[in-house]
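The values are calculated or read from the model by the stated rules, or taken from the named source; none is laboratory data. Predicted model, so just to flag it, every value in this text is computed and none were measured. Virtual Cβ from ideal backbone geometry, glycine too; neighbours counted across all protein chains shown.
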Amino acid sequence: MNYKERYTHIAELIRNKKRVLVTDLAAHFNVSEVTIRKDLTHLEEIGICRRFHSGAVAATEAGIIDVPVKHKVTIAKDLKDRIARLAVTLIEPDNTVMIDAGSTAHLIAYHLKGRRNIRVVTNSLMVGSELADETGIEVVLTGGNVYSVSQALVGSLAIEALRRIHVDIAFVGAMGVSIERGFTSPTLAEAQCKEAMFAGAGKKVIVTDHTKLEQVSFAKFAGFPDVDILVTDSQADSEIVNKYRNAGLDVMLASE
């Protein structure tokens, strides 16, 4: 296992367990405690955790509610790429597509390259930049205030634009998925934009990796009845997937 893979696995352990110890991680990955401390320092720098002397706690436990998207793209990138490739198969010719801001959404835009006769509406500066040179894709940016953490356009201008637009399909990310609490986002400003995206969408799709399932973030933007499809990865717990399907949600699993 190389260091990038170890970062991903440690980040997942932190997200699931909320608190980890250096000694336990060193034994688990068969590396030195010095190496683990360096790994935790890196994960702290990108907003995944907060270190203490003998270990680390999840950033959410330390009162941090979001992670810069430029760092998110390095965490579980293979999983997110598989999710994005599967999500793109839902897009039909001549569709108008809404794409959210976020690391998985950015990969959806990447996998749209080369397609023709597609219109993409987005509040993501990264998505807009990714597709700006694609002659077969018309890109519409909402306008609004820049939220630097996610590179999203938010606020009243963005929400007003989103509410005026109808699209065939919308792809929206979620930091938390729960039958009881619905689909949640780290900030109210982003949650309001996500809600507006779904309001004008024919088909509503959530894209998120398995670590976000049965998690709850700060602000709710949709309930299970509001969403048509959840695209996640095949590492999702089968009991959770079955529970979601029994609740009426179509769950698509991206395999390796």
What's the number of the only condition in (1) on the phi < 0 side of the Ramachandran plot; (2) within 16 Å of the chain's Cα centre (by Cα) that Gly182 fails to meet? (1)
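Which ones in the stretch 188-215 are among the acidic types (Asp, Glu), farther than 12 Å from Thr232 by Cβ and buried (at least 22 other Cβ atoms within 10 Å of the Cβ)? Lay out the reasoning, then the answer.
Step one: list which residues in the stretch 188-215 are among the acidic types (Asp, Glu), which gives 190, 195, 209, 214.
If we keep only those that are farther than 12 Å from Thr232 by Cβ as well, we get 190, 195.
Passing the criteria: only Glu190.
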All helices (runs of 4 or more DSSP H) inside the stretch 99-201 with 2 or more residues being among the hydroxyl-bearing types (Ser, Thr, Tyr): 103-112
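So if I check each of Ile240, Ile206, which one is over 20 Å from Asp81 (Cβ atoms) and among the β-branched types (Val, Ile, Thr)? It would help to see each step written out before you state the result.
Numbers: Ile206 fails: over 20 Å from Asp81 (Cβ atoms).
After applying the criteria, what remains is Ile240.
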Among (1) within 17 Å of the chain's Cα centre (by Cα); (2) on the phi < 0 side of the Ramachandran plot; (3) at pLDDT below 95, there is one condition Glu214 misses while meeting the rest; what is its number? (2)
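Table: residues versus (1) modelled with pLDDT of 95 or more; (2) out of contact with any strand residue (DSSP E or B) (no Cβ under 7 Å at 6 or more places or on another chain); (3) in the same structural domain as His9 (by TED's automatic domain parsing).
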| site | (1), (2), (3) |
| --- | --- |
| Val140 | yes, no, no |
| Ala161 | yes, yes, no |
| Ile169 | yes, no, no |
| Gly176 | no, no, no |
| Leu188 | no, no, no |
| Val207 | yes, no, no |
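Please work out which residue is surrounded by the most Cβ atoms within 10 Å (Cβ to Cβ), limiting yourself to the stretch 216-233 and to residues that are in a loop (DSSP other than H, G, I, E, B) and touching a residue at least 60 places away in the same chain (Cβ under 8 Å). So that I can check it myself, show each step before the final result.
Let us first name the residues in the stretch 216-233 that are in a loop (DSSP other than H, G, I, E, B), namely 216-218, 223, 227-228.
Checking the rest, the ones that are also touching a residue at least 60 places away in the same chain (Cβ under 8 Å) come to 217-218.
Working: Ser217: 23, Phe218: 16.
Out of the qualifying residues, it is Ser217.
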Between a first residue in the stretch 139-157 that is crowded, with 21+ Cβ neighbours inside 10 Å and of a type in the set (Lys, Arg) and a second residue that is modelled with pLDDT under 90 and in a strand (DSSP E or B), which pairs have beta carbons less than 6 Å apart while being 6 or more apart in sequence or on different chains? none
Under the condition of being part of a loop (DSSP other than H, G, I, E, B) and in contact (Cβ under 8 Å) with a residue 60 or more places away in the chain, which residue from the stretch 235-251 is nearest to the chain's Cα centre (by Cα)? Gln235
Are there any pairs with C-beta distances below 9 angstrom linking a residue in the stretch 23-34 that is in the same structural domain as Arg51 (by TED's automatic domain parsing) and touching a residue at least 24 places away in the same chain (Cβ under 8 Å) to a residue that is part of a helix (DSSP H, G or I) and among the hydroxyl-bearing types (Ser, Thr, Tyr), with the two at least 6 apart or on different chains, and if so which? Phe29/Thr35
